[in-house]
């Protein structure tokens, strides 16, 4: 029958002479009883400096023990002390571990709850598309230029080979300014910056011009009187129609992915000749035909062409020595195709329910 | 323009299926928008470019098809006018006042005309194209127009006074009731067809009502003329008219087609029993004459990237009606767009097929430079997006009355032909647009919108347009207050090498006078005036800012000036003082940093501002937290104490009472 804590304490405090131990075996058995009790009680109960069991045993058993018992008793008690210390250390570690575990349990959260909204907001989809296209052409060696939106009729029309009274001028649905700005219009395209760039720079040159342009179009799902264009111009000693094709093919694959195919369809612009529209294989149906591409398999992307020699005449380039190509695309259109946006007006609404989707 | 497949087949054999034909035409620059089956026939809807007046008829499209497929094109010929018995030989005298404006005028007289319905074949064709049949004579002119492209006009000869035609400029005060029953006051720059007395038609645009063919008409004067494109264009525009005739003359009609059209109509009218009374009057003035063009094979290869066999070039050019061989070609009269070598190269390229010219990605030597401000611009965008402001894009138009409240001094750029009063000027302030965006979001249940826009303002300075770049911020966010907004503004300014300008409370009337600030010319920000907020149906706490990016870009990005952090500990001391309201933080800060410098003063900041009854009206309590630190050593207590005494002395000198 194991002794209780009180009994152990009382026994440890029993002076040696009263113990009546007669042999080493009896001594070992007595200490063994203490050893058997390890695992209960506290560190203080066993190892406390004033009244711990081991202190008591030292005080009452070892100190008064006669010389011939001291060696064996000392060894036994030392052994017991080491074991008590080891037990106490283990005990403490276990208690600490439990405490940590309890704290972690208390701090537990439901990880399936939604995260707190991060402050970061979205870049505007039109400007994301603009920046992406600018990046594509920067990598092809195109510098970026800009010019005024309130443009002279000379740069917007005359120097682009659109003389006064030409039907092409009226097709532009120009917004005129005035009454004191007779020779100015809201630029109907970013093309005037072609002229401004060539006036300042000698060939070879490569330049793109992202910017706002204006037409007198009532706002609806596919029109805005104020929209964004990106113009490109390359002039060099030996640029030809194949270079225009190759450049735009590369652009279409960069923007729409490597599976995009392109084709050029003849068209007409006053400041390019030959002129073309660039079509890209429909990104929604891979060219099989769907509603977006009106079952043609192709989506009309942009206008382009070889720079008309007449335009070179306006900037003092010799069309016998240099040639070049130009292209102009609507950034809204590119964004609508890229994201499947069905109504152009959404871009200008500032509606966060719309804008936040482009993060 | 619409064409019928059956009609095209009169001029050229077509073996391609309708859809395939449409694709072939589109890939040669004759854009087919739609093909639809209509009553056993196929209707093609074409979107033609303004440089190709020659395509504005069935024959023109047939010619294009012939060039593309190599099939033979039928010749378009009119039988010679039959010899008439002398008794009925009648011609009509024609005089032309300006031979530049009217380059050719053909006229003939039809007698014994019986006006009635057209034969079914003609009426059905016109209806198939979506046009109304009118009467056999009018339908004949229209039918010829759609067949071969040349506009003609039929007058009731008995209503022409004096029995003559005068092509002349309108006279001041003249008017004409046109076929659409509108009386039009004529301009001296309007070219008119007149009889001896008065105008009877606007040349090349529309006829007069009074001389129009009616059921009672028995004698007809048929006009087939060529008018100067610009003259027709200006008159059509002046009178707000756009007719099938003006559409063609404006783009450049074929001067050689005028007599042919007249003969074709005369021949057809004879089938109705009309008698061609006499010959064709053909007055020729100044006409554009096609010039021979030199076409160098080397130029083709240089521009297109590969050569095209000369025999292919010749075949294609001949199919278009060009005359010549090898390097010299004369374009046909119906192609005013062909005058230069490049024009012929384009024709060859598009008919040969754009897909036959190999693509190449050209190399380049040089430097690709972004816009000088692009880096700064994108830093601003990133900064604001990171702070939860969404990027907006708006249109540049504004209502003048709105902008006037936000930028009363700015002279606006006005649009002469605006789409609406709300878009009558280009904006002189970015803030009305921002308020609209905020309101849109609030009305759609977006709780606390924060938005920014990098845009432009547009204004006149000394009569010249200017387009400075601006940044606008807007927020209706309970998480934002004046100091929060100021922090956002300062964070943007901090991206630039901007002078450290003081913030003042001198703000315009549209802002809350006590919760708004201005930092030099660089930034204006604060709470929208509550009255204006109520007017805009916006919350009272609506926050706005406008920053002058033009100036900030000019200042350049902030240059980093590095100082190593001190290795020695800092000492912080707090000073609690009561000041009158006049003593702003700016004054406190200036006093602490004034010369001579307080030894070891590293920083001073307002740790707490308190106003309340306990402090007293017109006063406030300020807790100033000051940090002392040395780059060379740990400061001794007595050194810190001496510096703290100096701080307290300066705060007392401002009239502050230590608490």
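The values are calculated or read from the model by the stated rules, or taken from the named source; none is laboratory data. Just so we're clear, the structure is a prediction, and the values are computed from it rather than from any experiment. Quick reminder, even Gly has a Cβ in these numbers, built from the backbone with ideal geometry, and neighbours come from all protein chains shown.
Comparison of A:244, A:329 shows that the only residue that is touching a residue at least 60 places away in the same chain (Cβ under 8 Å) and farther than 21 Å from residue A:168 by Cα is A:244. Within the range A:72-89, not a single residue is touching a helix residue (DSSP H, G or I) at 6+ places or on another chain (Cβ under 9 Å) and outside any helix (DSSP H, G or I).
Can you confirm whether the range B:634-657 contains a residue that is under 22 Å from residue B:564 (Cβ atoms) and not in a helix (DSSP H, G or I)? There is at least one residue in the range B:634-657 that is under 22 Å from residue B:564 (Cβ atoms) and not in a helix (DSSP H, G or I). Kindly provide the set of residues from the range B:601-618 that are over 59 Å from the mean Cα position of the chain (by Cα) and at pLDDT 95 or above, ordered by number. Result: B:601, single match. Of all residues assigned to the range B:387-402, at least one qualifies as being closer than 22 Å to residue A:151 by Cβ and more than 7 Å from chain A (Cβ to nearest Cβ).
Taking (1) in contact (Cβ under 8 Å) with a residue 24 or more places away in the chain; (2) part of a helix (DSSP H, G or I); (3) crowded, with 18+ Cβ neighbours inside 10 Å in turn, residue A:235 satisfies each apart from (2). The set of residues from the range A:282-295 being touching a residue at least 12 places away in the same chain (Cβ under 8 Å) and either within 10 Å of chain B (Cβ to nearest Cβ) or buried (at least 21 other Cβ atoms within 10 Å of the Cβ) (or both) comprises just one member, A:282. Has the range A:266-278 got any residue that is surrounded by fewer than 21 Cβ atoms within 10 Å (Cβ to Cβ), over 16 Å from residue A:337 (Cβ atoms), touching a residue at least 40 places away in the same chain (Cβ under 8 Å) and in contact with a helix residue (DSSP H, G or I) (Cβ under 8 Å, 6 or more places away or on another chain)? Among the residues of the range A:266-278, not one is surrounded by fewer than 21 Cβ atoms within 10 Å (Cβ to Cβ), over 16 Å from residue A:337 (Cβ atoms), touching a residue at least 40 places away in the same chain (Cβ under 8 Å) and in contact with a helix residue (DSSP H, G or I) (Cβ under 8 Å, 6 or more places away or on another chain), which makes the answer no.
Can you name every residue in the range A:201-240 that is at the interface with chain B (Cβ under 9 Å from one of its Cβ atoms), touching a strand residue (DSSP E or B) at 6+ places or on another chain (Cβ under 6 Å) and within 20 Å of residue B:304 (Cα to Cα)? Those that are at the interface with chain B (Cβ under 9 Å from one of its Cβ atoms), touching a strand residue (DSSP E or B) at 6+ places or on another chain (Cβ under 6 Å) and within 20 Å of residue B:304 (Cα to Cα): A:204, A:205, A:206, A:234, A:239. The selection criterion, being buried (at least 20 other Cβ atoms within 10 Å of the Cβ), under 40 Å from the mean Cα position of the chain (by Cα) and in the same structural domain as residue B:219 (by TED's automatic domain parsing), holds for residue B:105.
You will find that of B:229, B:188, B:199, B:255, the residue that is touching a residue at least 12 places away in the same chain (Cβ under 8 Å), within 21 Å of residue B:149 (Cα to Cα) and in contact with a strand residue (DSSP E or B) (Cβ under 6 Å, 6 or more places away or on another chain) is B:255 and no other. Here residue A:257 fulfils each of the conditions (1) under 34 Å from the mean Cα position of the chain (by Cα); (2) closer than 16 Å to residue A:195 by Cα; (3) surrounded by fewer than 20 Cβ atoms within 10 Å (Cβ to Cβ) apart from (2). Condition check for residue A:122 on (1) within 7 Å of chain B (Cβ to nearest Cβ); (2) buried (at least 19 other Cβ atoms within 10 Å of the Cβ); (3) part of a loop (DSSP other than H, G, I, E, B): one failure, at (2).
Set side by side, the residues A:164, A:132, A:98 differ, and just one is in a helix (DSSP H, G or I) and either touching a helix residue (DSSP H, G or I) at 6+ places or on another chain (Cβ under 8 Å) or in the same structural domain as residue A:317 (by TED's automatic domain parsing) (or both), which is A:132. Kindly check whether there is at least one residue in the range A:156-173 that is within 9 Å of chain B (Cβ to nearest Cβ) and modelled with pLDDT of 95 or more. There is no residue in the range A:156-173 that is within 9 Å of chain B (Cβ to nearest Cβ) and modelled with pLDDT of 95 or more.
You will find that of B:113, B:192, B:167, the residue that is part of a loop (DSSP other than H, G, I, E, B) and either surrounded by 18 or more Cβ atoms within 10 Å (Cβ to Cβ) or at pLDDT 95 or above (or both) is B:113 and no other. Per this entry, residue A:197 is not counted among residues that are within 8 Å of chain B (Cβ to nearest Cβ) and either at positive phi or part of a helix (DSSP H, G or I) (or both).
Scanning the range B:24-71 for residues that are assigned to a loop (DSSP other than H, G, I, E, B), touching a residue at least 40 places away in the same chain (Cβ under 8 Å) and within 17 Å of residue A:167 (Cβ to Cβ) yields B:29, B:48, B:50, B:51, B:52, B:56. Determine whether residue A:65 is in contact with a helix residue (DSSP H, G or I) (Cβ under 6 Å, 6 or more places away or on another chain), at pLDDT 90 or above, surrounded by 12 or more Cβ atoms within 10 Å (Cβ to Cβ) and more than 16 Å from residue A:4 (Cα to Cα). It is false that residue A:65 is in contact with a helix residue (DSSP H, G or I) (Cβ under 6 Å, 6 or more places away or on another chain), at pLDDT 90 or above, surrounded by 12 or more Cβ atoms within 10 Å (Cβ to Cβ) and more than 16 Å from residue A:4 (Cα to Cα). From the list B:314, B:267, B:298, B:292, the one residue that fits, being surrounded by fewer than 18 Cβ atoms within 10 Å (Cβ to Cβ), within 14 Å of another protein chain (Cβ to nearest Cβ) and either under 22 Å from residue B:341 (Cα atoms) or touching a residue at least 40 places away in the same chain (Cβ under 8 Å) (or both), is B:298. Residues of the range B:1-21 that are closer than 12 Å to residue B:68 by Cα and assigned to a helix (DSSP H, G or I): B:21 alone. Residues being buried (at least 19 other Cβ atoms within 10 Å of the Cβ), away from chain B (no Cβ under 11 Å), within 29 Å of the chain's Cα centre (by Cα) and modelled with pLDDT of 95 or more are entirely absent from the range A:309-321. The set of residues from the range B:330-357 being surrounded by 23 or more Cβ atoms within 10 Å (Cβ to Cβ) and outside any helix (DSSP H, G or I) comprises B:331, B:334, B:338. All of (1) within 19 Å of residue B:550 (Cβ to Cβ); (2) surrounded by fewer than 16 Cβ atoms within 10 Å (Cβ to Cβ) hold for residue B:445 with one exception: (1).
Of the strands (runs of 3 or more DSSP E) lying entirely inside the range B:433-539, those containing at least 3 residues that are more than 14 Å from chain A (Cβ to nearest Cβ) span B:511-519, B:523-528.
Might you check whether a residue that is crowded, with 21+ Cβ neighbours inside 10 Å, touching a strand residue (DSSP E or B) at 6+ places or on another chain (Cβ under 7 Å) and within 14 Å of chain A (Cβ to nearest Cβ) occurs anywhere in the range B:234-241? Yes, the conditions are met somewhere in the range B:234-241.
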